[in-house]
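Here is the structure we will look at, set down as structure tokens.
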Amino acid sequence: MLVRVFVVILSCFLFTEVQAQPLRDPTQPPAWAAPSQAAAPVSNSGKLQSIVVSDTKRVAIIGGKSYGRGGQVLGSRITRIERDAVWLADGRKLVLFPKLGVQL
């Protein structure tokens, strides 16, 4: 009788082991979530991104590259660098923060 009880208990443990499922990685995205495609890179080739002004030097970051006064950018030479704008020899003005027509 004791042997029979032991066999039943042992078989219960074996069946639970057979029915067990592998654990899912909790950091894995759900199966229904399709991988998203990367967005196309935005071209900043002519965009004034930043201006650095110190006591001795002024540098404009345009299209990810740094330019000083006299540098060639967008087919023209930089004539002046101020705190909020860069002037080019052909008369164009690149503004760091353009006004959006909003009056306060």
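Values quoted throughout were computed directly from the atomic coordinates according to the rules given, and no laboratory measurement underlies them. Small disclaimer: the values here were computed from a predicted structure and weren't measured. Neighbour counts run over all protein chains shown; Cβ positions are idealised from the backbone, glycine included.
The table below lists the values:
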quantity	calculated
Net charge over other residues, Cβ less than 13 angstrom from the Cβ of residue 89 (K, R count +1; D, E count -1)	+4
Under Karplus coefficients 6.51, -1.76 and 1.60, residue-wise ³J(HN,Hα) of segment 75-87 in Hz, glycine/proline x	x, 9, 9, 7, 9, 8, 10, 10, 5, 10, 7, 10, 9
